[in-house]
Amino acid sequence: MLFRSVDQTAIGGGSISSYAFSPDGEVVAIGGQSGDLIVWNRQAGEVTFIPTQQVHVKCCTWSSDARYLVWCAGADPLITWDRHDSVQRGKLGDGRTVVNGSVHTWTTFSGHKGGANACAWSPDGRFIASGSGHGFGLHDDDLSLRIWDATSLNELAILKGHQDRITSLSWSPDSQWLASTSGSVMSPGKDNSIRLWDVASLTPGAVLVGHTNEVVSCAWQSDARHLVSASKDGTLIVWDTENTGRSPEPVLDAYVSNNGAMAALARKDNGLEIIDARTGAHLQTFHGHEDQIIACAWSPDDLIVATGSRDRTARLTPAIPSPVPSKTPIAHPSPNLIGECPVDRRK
């Protein structure tokens, strides 16, 4: 089966660690473990490098109008960046190096201690959520979830409840609920739960317990009732949040689509498998990466899956294959790719 060409880009100096599609699907933000952050305009074929002055871009998210990008790199506060003017708009919190004689100490004055692992902009554009924690069992670890006003960038609430680092965040489609997942780089961890938060009252809701290892991602289905979560325990669970019921499906590590209908599974053979999140049925498998897939994101319409690998490449691949006539020549040795656009500053 043949597929129309997608795109591939490379990021220099380290593995790709975070991804975010803009809501309009026009651009993709790609963060690297080397501190590289690029904004890739797929339609125009343009790549913008954003200096972070840090060693690891841990998370990034777009505003609902696709103008502003938020990211966290290293221990820095989250940064907001204006895509139109290519300038920094502000910070969520305040942290900096304090010099006392010959001693240089990193000090957090407000916001997350040690930076954030996860961030998410609400669909209605009003709020930014962020979550932190190292997951090494430190006594002073910041395991908080914070809600920020997206206009003023002021902190609105500090929400606590997780006993391990916060690994991912997902807003319900109506922006009324926020789901946070937790887990530890240590095994066994203290907290492998999903927690629901009532945004209107900024209070905790249900705690969803069922996974036995780090919960790596979650996504709401379009009905704003059912939530899909994926864990390193090898399971994907569909939750009914109105009665906290569950329907487990055994799978590999997974990244759930925006509407919760599909999941992309990073396989041990460096391939990516697409399954139906409701039934667990196999939909498609494709290969191309030469090393482990460690980051993944779905386009807003759930038609394209972006993957980042330890081979320092980013790929965009159609989640649902579209056959083309057999007489069409193969434009790429891997029929599951959609073209190539290498970008590597080391070259």
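Just so it is clear, none of the values below were taken in a lab; they were calculated from the coordinates. Small disclaimer: the values here were computed from a predicted structure and weren't measured. Cβ: placed from backbone, ideal geometry, glycine included. Neighbour counts: every protein chain shown.
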Q) Using a simple charge model, +1 on the beta-carbon of Lys and Arg, -1 on the beta-carbon of Asp and Glu, nothing else, what dipole does region 7-318 show about its Cα centre, in debye to the nearest 20? A) 540 debye
**Q.** Extreme residue, positive dipole direction of region 7-318, given options Gly133, Ser222, Val103 (C-beta unit charges)
**A.** Val103
Q: Kindly identify region 84-229 as rounded, prolate or oblate by the Cα gyration tensor criterion: order the square roots of the eigenvalues as a ≥ b ≥ c, call it rounded if a/c is under 1.5, otherwise compare a/b with b/c, prolate if a/b is larger, else oblate.
A: oblate
Q | Burial order of peptide ranges 42-51, 288-297, 257-266 (average beta-carbon count within 10 Å, highest first) | A | 257-266, 288-297, 42-51
Q) Which aspartates and glutamates does Lys113 reach when only Cα atoms under 12 Å apart count, and residues fewer than 8 places away in its own chain are ignored? A) Asp76, Asp94, Asp140, Asp141, Asp142
Q. What is the distance, in nm, between label points placed 7 Å from the Cα along the Cα-to-Cβ direction at Phe49 and at Ala200?
A. 4.9 nm
Q | Spacing of the two label points (7 Å from each Cα toward its C-beta) at Asp149 and Asp301, in nm | A | 3.7 nm
**Q.** Unsatisfied cross-links (Cα-Cα over 28 Å) in the set Lys91/Lys190; Lys160/Lys232; Lys58/Lys160; Lys91/Lys268
**A.** Lys91/Lys190; Lys91/Lys268
(Q) Can you give me the distance in nm between label points at Asp240 and Glu290, each placed 7 Å from the Cα along the Cα-to-Cβ direction? (A) 4.9 nm
